[in-house]
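Since the structure comes first, as C-alpha cells, the remarks are kept for the end.
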Amino acid sequence: MIFEQIASGGCQSYLIGCADTCAAALIDPEVSQIDRYLALAARDGLRIHYVIDTHTHADHFSATRQLARQLDVPTVMHRASPAPIVDMRVDDGELLVVGKLRLQVMHTPGHTRDSMCLVADDRVFTGDTLLIGATGRTDLPSGDAEALYDSLFNHVLRLDPLLKVFPAHDYKGRGHSTIAQELADNPRLARQDRAAFVEMMNSLNLTMPTHITEALRTNMSGGKTVAQMLSEAAATVPFMSLQELLSRVQAADKDLIVLDVRERDAYEAGHIAGARLLPRGQLELRVNQDLPDPTRRILTCCEFGRISTLAASTLRVMGFQRAVALDGGMKAWREAGYPVTVGREP
Ligand SMILES: [Fe+2]
C-alpha cells in the first residue's frame, strides 16, 4: 500500500494507493490542497480513480467536485448525501475496488446522516464519526446523537482493535491511533450507556465552525467558494505593484487608465490622482460608453484588491486585452503613505 496523509489546518485528507497496480483513491480532499494531492500522486506514481467524501463537510471546502472534473473520475459519497452532484453513491457493506486494495463502506450516521467509514487493509478512515480522543459533533445539520451512539458502539468500535484509525480531523498533529487506543483513552467513549452518551453529546455547546454557510452551500451544490472565484479570476490577469503604479502616476503616464471600481462615496473620500470612477456593479453596462477603446491599457483598483481582480478579469473577457489589476488595494496604498486625491471625478 502507498499512503499519504495530508493535513490542511485540522482537516486530514488521505491518498491511498495500490503499489502493484498504481491505482489510488483520495479521501476527503480540501480545495486549497489540490495541487499538493496531484503532485503527491504523480510523485508516488499513482493514478487517482475515486475522489471520496466521508460525509457532507460543514467546516471545509471539499475538492472532490473540482478534482473529479479535472481527472475525469467519479466523486463518491454515501447514498444519503444531499448533494445532487455525486457520481457514485455507495451504501453499507459495499466495496470500492482500487487496484488490489478494497475499501469497505460502513454507513455510520450520527455526525451527519451521510457519514461513512472506510475500512482498507489494516486501517479505517473514520471521517468525523470517530476522532482521536473525541467524536464528531452531532449539532450540525442532519446530526443525531442517538445514531452516533449506534454507529460507534455497535459498528466502529466492534472492528478489529488493532485497526489504525485515521480521522477526517485532528488538530493536535497526532496522525492516527487505533481502535484499541480509542476504547481505552477516548473520554467521549467512557460513557457506554446510550442515554448518558446522548445527553453528553447534546450538551457540548460547541461554537459553530467558521464558513459553515459557505461550506454547506458549496459542498452540497458543487458551487464555487468566493476564494475559488477570486483565484480563478487572478489566474487570468496580470497585476501591477503599488510602487510601479505610483511611479507611473508621478510621471503622469498618459497611456494608463486607472479605473477605480469602488462606489462613489469611497472614491470621493480618497482616490489615486487622475483615476476614473466606474463601480464594479455598473462595469458591464457602462463599458461601451466609458471605455470605447479596447486597446487601451487599463488598471483596476478597489479597496482590498479583490473586486478589482474580478473587474480586470471581466474586462479581459470583454476584449480589453491590456486590463491589469492593482496588486493590493487603496487600503494598502494609503498605508504605504502614497498620495490620494479627495473629491469628485475630474
Ligand atoms: Fe465533518
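What the table below lists for this structure:
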quantity: Accessible area expressed per residue, the chain, with surrounding protein chains retained (probe 1.4 Å, Å²); calculated: 46 Å²
quantity: Prolate/oblate/rounded label for the stretch 124-179 (Cα gyration tensor, a/c 1.5); calculated: oblate
quantity: GluC sites (Glu not before Pro), loop per DSSP, at most 16 other Cβ atoms within 10 Å - longest free stretch of the chain; calculated: 95-262
quantity: Approximate spin-label separation residue 250-residue 139, in nm, with each point projected 7 Å along Cα-to-Cβ; calculated: 5.5 nm
quantity: Förster radius 30 Å - calculated FRET efficiency between residue 181 and residue 19, Cβ distance, rounded to 0.05; calculated: 0.65
quantity: Extension gain from residue 191 to residue 282, taking 0.36 nm per residue of separation minus the Cα-Cα distance; calculated: 26.8 nm
quantity: Lys, Arg +1 and Asp, Glu -1 on Cβ, resulting dipole of the chain about Cα centre, debye, nearest 20; calculated: 860 debye
quantity: Cα gyration tensor shape for the chain, rounded if a/c is under 1.5, else prolate or oblate; calculated: prolate
quantity: Trypsin sites (Lys or Arg not before Pro) within the stretch 94-150: DSSP coil, no more than 15 neighbouring Cβ in 10 Å; calculated: 100
quantity: Sites residue 171 and residue 239, calculated FRET efficiency, Cβ-Cβ separation with R0 30 Å, nearest 0.05; calculated: 0.30
quantity: Förster radius 45 Å - calculated FRET efficiency between residue 70 and residue 341 (Cβ-Cβ, nearest 0.05); calculated: 0.50
quantity: Phi-based couplings in Hz for the stretch 50-62 (Karplus 6.51, -1.76, 1.60; Gly and Pro marked x); calculated: 9, 10, 10, 9, 6, 5, 6, 7, 10, 10, 8, 9, 5
quantity: Under-5 Å amide H pairs with residue 102, H placed in peptide plane, nonlocal only; calculated: 121
quantity: Under 14 Å, Cβ to Cβ, from residue 195 - net charge with Lys/Arg +1 and Asp/Glu -1; calculated: -2
quantity: Under Karplus coefficients 6.51, -1.76 and 1.60, residue-wise ³J(HN,Hα) of the stretch 335-342 in Hz, glycine/proline x; calculated: 5, 7, x, 7, x, 10, 10, 9
quantity: Separation in nanometres of the label points that stand 7 Å from Cα toward Cβ, at residue 332 and residue 162; calculated: 5.5 nm
quantity: Additional length obtainable on full extension of the chain from residue 5 to residue 231, 0.36 nm per residue less Cα span; calculated: 78.8 nm
quantity: Whole-percent carbon and sulfur share, accessible surface of the chain, 1.4 Å; calculated: 51 percent
quantity: Listed residue (117, 93, 82) projecting farthest to the positive dipole end of the stretch 69-198, Cβ model; calculated: 117
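The values are calculated or read from the model by the stated rules, or taken from the named source; none is laboratory data. All figures in this text were calculated on a predicted structure; none of them were measured in a lab. With ideal geometry, Cβ positions are generated from the backbone for all residues, glycine too; neighbour counts draw on all protein chains shown. Only protein heavy atoms, including side chains, enter the accessible area calculation; ligands, DNA and RNA are left aside. Shrake-Rupley method; radii C 1.70, N 1.55, O 1.52, S 1.80 Å.
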